[in-house]
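Worksheet: one structure, shown below.
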Amino acid sequence: EPEVTQTPSHQVTQMGQEVILRCVPISNHLYFYWYRQILGQKVEFLVSFYNNEISEKSEIFDDQFSVERPDGSNFTLKIRSTKLEDSAMYFCASRSTGQTGEAFFGQGTRLTVV
Amino acid sequence: KQEVTQIPAALSVPEGENLVLNCSFTDSAIYNLQWFRQDPGKGLTSLLLIQSSQREQTSGRLNASLDKSSGRSTLYIAASQPGDSATYLCAVLNNAGNMLTFGGGTRLMVKP
(Lines give C-alpha, C1' and ligand atoms only; values in the text may rest on other atoms or scores of the structure.)
Protein backbone atom coordinates (compact mmCIF):
# COMPACT_ATOMS: atom_id res chain seq x y z
CA GLU A 1 0.00 0.00 0.00
CA PRO A 2 1.42 3.43 -0.89
CA GLU A 3 2.54 5.53 2.05
CA VAL A 4 3.97 8.91 2.93
CA THR A 5 7.57 8.61 4.11
CA GLN A 6 9.31 11.11 6.38
CA THR A 7 12.97 11.40 7.30
CA PRO A 8 14.56 11.62 9.75
CA SER A 9 12.28 10.10 12.39
CA HIS A 10 14.01 12.12 15.10
CA GLN A 11 16.27 15.16 14.87
CA VAL A 12 18.00 17.04 17.64
CA THR A 13 19.34 20.47 16.80
CA GLN A 14 20.81 23.45 18.61
CA MET A 15 18.82 26.65 18.89
CA GLY A 16 19.54 28.95 15.96
CA GLN A 17 20.47 26.15 13.58
CA GLU A 18 18.69 25.43 10.31
CA VAL A 19 16.89 22.13 9.85
CA ILE A 20 15.34 20.49 6.82
CA LEU A 21 12.61 17.93 7.26
CA ARG A 22 12.02 15.64 4.33
CA CYS A 23 8.94 13.93 3.00
CA VAL A 24 8.18 11.66 0.09
CA PRO A 25 4.46 11.96 -0.66
CA ILE A 26 2.40 9.29 -2.39
CA SER A 27 3.42 9.37 -6.02
CA ASN A 28 0.21 10.38 -7.80
CA HIS A 29 -0.88 12.89 -5.16
CA LEU A 30 -0.95 16.58 -5.97
CA TYR A 31 -1.68 18.28 -2.63
CA PHE A 32 0.99 18.33 0.05
CA TYR A 33 0.79 19.57 3.62
CA TRP A 34 2.90 20.14 6.71
CA TYR A 35 1.44 19.99 10.20
CA ARG A 36 2.98 20.12 13.63
CA GLN A 37 1.95 18.75 16.99
CA ILE A 38 3.52 20.10 20.15
CA LEU A 39 3.55 17.44 22.86
CA GLY A 40 0.08 17.03 24.34
CA GLN A 41 -1.50 19.61 22.03
CA LYS A 42 -3.62 19.71 18.88
CA VAL A 43 -2.39 18.91 15.40
CA GLU A 44 -1.85 22.34 13.85
CA PHE A 45 -1.84 23.26 10.16
CA LEU A 46 1.31 24.94 8.86
CA VAL A 47 1.11 25.04 5.07
CA SER A 48 -0.33 23.43 1.97
CA PHE A 49 1.33 23.19 -1.43
CA TYR A 50 -0.27 22.63 -4.81
CA ASN A 51 0.89 23.11 -8.38
CA ASN A 52 4.40 24.05 -7.22
CA GLU A 53 3.33 26.88 -4.97
CA ILE A 54 1.97 27.55 -1.50
CA SER A 55 -1.80 27.25 -1.54
CA GLU A 56 -2.51 28.23 2.06
CA LYS A 57 -0.49 28.92 5.19
CA SER A 58 -1.24 29.56 8.82
CA GLU A 59 -0.01 32.37 11.04
CA ILE A 60 2.50 29.92 12.49
CA PHE A 61 4.19 29.66 9.09
CA ASP A 62 6.23 32.84 9.33
CA ASP A 63 9.42 33.92 7.56
CA GLN A 64 11.55 31.35 9.33
CA PHE A 65 9.69 28.54 7.54
CA SER A 66 9.83 27.60 3.88
CA VAL A 67 8.74 24.67 1.76
CA GLU A 68 10.09 23.29 -1.43
CA ARG A 69 9.50 20.50 -3.89
CA PRO A 70 13.05 20.20 -5.20
CA ASP A 71 12.32 17.29 -7.53
CA GLY A 72 9.41 15.11 -8.57
CA SER A 73 9.31 13.09 -5.39
CA ASN A 74 10.49 15.07 -2.34
CA PHE A 75 8.72 17.76 -0.34
CA THR A 76 10.74 19.59 2.28
CA LEU A 77 10.12 21.90 5.21
CA LYS A 78 12.98 24.18 6.20
CA ILE A 79 13.19 26.00 9.49
CA ARG A 80 15.88 28.66 9.16
CA SER A 81 16.75 29.53 12.73
CA THR A 82 15.22 27.10 15.17
CA LYS A 83 13.80 28.18 18.51
CA LEU A 84 13.09 26.10 21.59
CA GLU A 85 9.36 26.42 20.88
CA ASP A 86 9.80 24.74 17.48
CA SER A 87 10.25 21.45 19.32
CA ALA A 88 7.35 19.31 18.13
CA MET A 89 6.35 16.40 15.95
CA TYR A 90 6.12 17.48 12.33
CA PHE A 91 3.81 15.58 10.01
CA CYS A 92 3.74 15.60 6.25
CA ALA A 93 0.57 14.64 4.40
CA SER A 94 -0.52 14.24 0.82
CA ARG A 95 -3.78 13.69 -0.95
CA SER A 96 -5.03 13.20 -4.44
CA THR A 97 -7.48 15.48 -6.17
CA GLY A 98 -9.74 12.50 -6.72
CA GLN A 99 -13.32 12.32 -5.61
CA THR A 100 -12.66 11.25 -2.05
CA GLY A 101 -9.72 13.57 -1.40
CA GLU A 102 -8.48 11.31 1.41
CA ALA A 103 -5.35 12.64 3.13
CA PHE A 104 -2.54 10.29 4.16
CA PHE A 105 -0.01 11.20 6.80
CA GLY A 106 3.57 10.16 7.37
CA GLN A 107 4.87 8.83 10.68
CA GLY A 108 6.32 12.20 11.60
CA THR A 109 9.69 13.73 12.46
CA ARG A 110 10.22 14.50 16.12
CA LEU A 111 12.24 17.72 16.26
CA THR A 112 13.96 18.58 19.52
CA VAL A 113 15.60 21.99 19.80
CA VAL A 114 18.11 22.29 22.64
CA LYS B 1 -12.10 30.41 10.77
CA GLN B 2 -13.01 26.73 11.13
CA GLU B 3 -13.05 25.40 14.68
CA VAL B 4 -13.31 21.66 15.39
CA THR B 5 -14.21 20.37 18.84
CA GLN B 6 -14.22 16.81 20.11
CA ILE B 7 -16.12 15.55 23.12
CA PRO B 8 -15.24 13.87 25.39
CA ALA B 9 -11.52 14.65 25.67
CA ALA B 10 -10.94 11.30 27.35
CA LEU B 11 -12.97 8.13 27.78
CA SER B 12 -12.34 4.93 29.68
CA VAL B 13 -14.61 1.93 29.07
CA PRO B 14 -14.57 -1.80 29.80
CA GLU B 15 -13.89 -4.17 26.94
CA GLY B 16 -16.94 -5.07 24.88
CA GLU B 17 -18.78 -1.78 25.24
CA ASN B 18 -20.16 0.11 22.27
CA LEU B 19 -19.14 3.75 22.31
CA VAL B 20 -19.67 7.04 20.51
CA LEU B 21 -17.13 9.78 19.95
CA ASN B 22 -18.36 13.22 18.99
CA CYS B 23 -16.97 15.86 16.68
CA SER B 24 -18.43 19.27 15.90
CA PHE B 25 -17.29 21.96 13.48
CA THR B 26 -18.32 25.58 13.07
CA ASP B 27 -18.22 26.06 9.28
CA SER B 28 -20.40 23.62 7.32
CA ALA B 29 -18.69 24.46 4.01
CA ILE B 30 -16.53 21.35 4.04
CA TYR B 31 -15.31 19.04 1.30
CA ASN B 32 -15.01 15.98 3.52
CA LEU B 33 -14.44 14.80 7.07
CA GLN B 34 -11.89 12.21 8.13
CA TRP B 35 -11.45 10.25 11.32
CA PHE B 36 -7.91 9.30 12.30
CA ARG B 37 -6.32 7.15 14.95
CA GLN B 38 -3.10 8.18 16.69
CA ASP B 39 -1.12 5.89 18.97
CA PRO B 40 1.23 7.55 21.48
CA GLY B 41 4.22 9.10 19.76
CA LYS B 42 3.10 7.84 16.37
CA GLY B 43 1.63 9.17 13.15
CA LEU B 44 -1.98 9.55 12.06
CA THR B 45 -3.76 6.57 10.53
CA SER B 46 -6.84 7.29 8.45
CA LEU B 47 -9.84 5.29 9.61
CA LEU B 48 -12.80 6.62 7.68
CA LEU B 49 -13.56 9.41 5.26
CA ILE B 50 -17.02 10.84 4.68
CA GLN B 51 -17.59 13.06 1.69
CA SER B 52 -19.74 16.12 2.26
CA SER B 53 -22.59 14.58 0.24
CA GLN B 54 -22.61 11.38 2.32
CA ARG B 55 -24.34 10.64 5.61
CA GLU B 56 -22.23 7.73 6.86
CA GLN B 57 -19.38 5.34 6.21
CA THR B 58 -18.61 1.96 7.72
CA SER B 59 -15.42 -0.02 8.09
CA GLY B 60 -15.55 -3.18 10.18
CA ARG B 61 -16.56 -2.25 13.73
CA LEU B 62 -16.39 1.46 12.94
CA ASN B 63 -19.24 3.60 11.69
CA ALA B 64 -18.99 7.33 11.11
CA SER B 65 -21.91 9.63 10.47
CA LEU B 66 -22.02 13.18 9.20
CA ASP B 67 -24.68 15.86 9.60
CA LYS B 68 -23.13 18.68 7.66
CA SER B 69 -25.91 21.19 8.22
CA SER B 70 -25.63 20.95 11.98
CA GLY B 71 -21.83 20.65 11.93
CA ARG B 72 -21.62 17.28 13.63
CA SER B 73 -20.04 13.90 13.13
CA THR B 74 -19.96 10.82 15.31
CA LEU B 75 -17.68 7.81 15.32
CA TYR B 76 -19.32 4.68 16.63
CA ILE B 77 -17.07 1.83 17.77
CA ALA B 78 -18.82 -1.48 18.30
CA ALA B 79 -17.65 -4.13 20.75
CA SER B 80 -14.57 -2.21 21.87
CA GLN B 81 -11.28 -4.07 22.42
CA PRO B 82 -8.13 -3.14 24.35
CA GLY B 83 -6.38 -2.73 20.99
CA ASP B 84 -8.74 0.16 20.25
CA SER B 85 -7.00 2.21 22.94
CA ALA B 86 -5.61 5.30 21.20
CA THR B 87 -6.45 8.93 20.49
CA TYR B 88 -9.12 9.47 17.87
CA LEU B 89 -9.01 12.66 15.84
CA CYS B 90 -11.53 14.14 13.47
CA ALA B 91 -10.53 16.59 10.78
CA VAL B 92 -12.46 18.58 8.19
CA LEU B 93 -11.17 19.57 4.78
CA ASN B 94 -12.26 22.95 3.48
CA ASN B 95 -13.90 23.32 0.09
CA ALA B 96 -10.72 24.74 -1.42
CA GLY B 97 -9.02 21.51 -0.43
CA ASN B 98 -6.02 23.30 0.99
CA MET B 99 -6.57 23.02 4.72
CA LEU B 100 -7.49 20.14 6.98
CA THR B 101 -8.49 21.37 10.44
CA PHE B 102 -8.19 19.00 13.38
CA GLY B 103 -10.08 18.63 16.61
CA GLY B 104 -8.26 18.12 19.88
CA GLY B 105 -8.96 14.39 19.91
CA THR B 106 -10.60 11.90 22.24
CA ARG B 107 -8.18 9.73 24.21
CA LEU B 108 -9.79 6.29 24.52
CA MET B 109 -8.77 3.62 26.99
CA VAL B 110 -10.45 0.20 26.73
CA LYS B 111 -9.82 -1.89 29.83
CA PRO B 112 -9.64 -5.69 29.61
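The values are calculated or read from the model by the stated rules, or taken from the named source; none is laboratory data. In this text, all values refer to a predicted model and were calculated from it rather than measured experimentally. So basically every Cβ, Gly included, is an ideal-geometry build from the backbone, and we count neighbours across all protein chains shown.
Some notes on this structure:
- Test result for residue A:56, touching a strand residue (DSSP E or B) at 6+ places or on another chain (Cβ under 6 Å), surrounded by fewer than 21 Cβ atoms within 10 Å (Cβ to Cβ) and at the interface with another protein chain (Cβ under 9 Å from one of its Cβ atoms): yes
- Qualifying residues in the range A:6-27 (those that are touching a Gly at 6+ places or on another chain (Cβ under 8 Å) and in a strand (DSSP E or B)) - the one surrounded by the most Cβ atoms within 10 Å (Cβ to Cβ): A:23
- Under the condition of being hydrophobic (A, V, I, L, M, F, W, C), surrounded by 15 or more Cβ atoms within 10 Å (Cβ to Cβ) and closer than 16 Å to residue B:91 by Cβ, the residues counted in the range B:7-59 number 12.
- Unique match (being out of contact with any Lys or Arg (no Cβ under 9 Å at 6 or more places or on another chain) and modelled with pLDDT of 95 or more) among A:114, A:47, A:67, A:43: A:114
- Of the residues A:55, A:73, A:81, the single one that is in a loop (DSSP other than H, G, I, E, B), under 24 Å from residue A:3 (Cβ atoms) and touching a residue at least 12 places away in the same chain (Cβ under 8 Å) is A:73.
- Subset of the range B:63-112 that is within 10 Å of the chain's Cα centre (by Cα) and assigned to a loop (DSSP other than H, G, I, E, B) - its residue that is surrounded by the most Cβ atoms within 10 Å (Cβ to Cβ): B:103
- Looking only at the range A:67-114, and only at residues there that are of a type in the set (Gly, Ala, Ser) and more than 30 Å from residue B:31 (Cα to Cα), the one that is nearest to the other protein chains (Cβ to nearest Cβ): A:87
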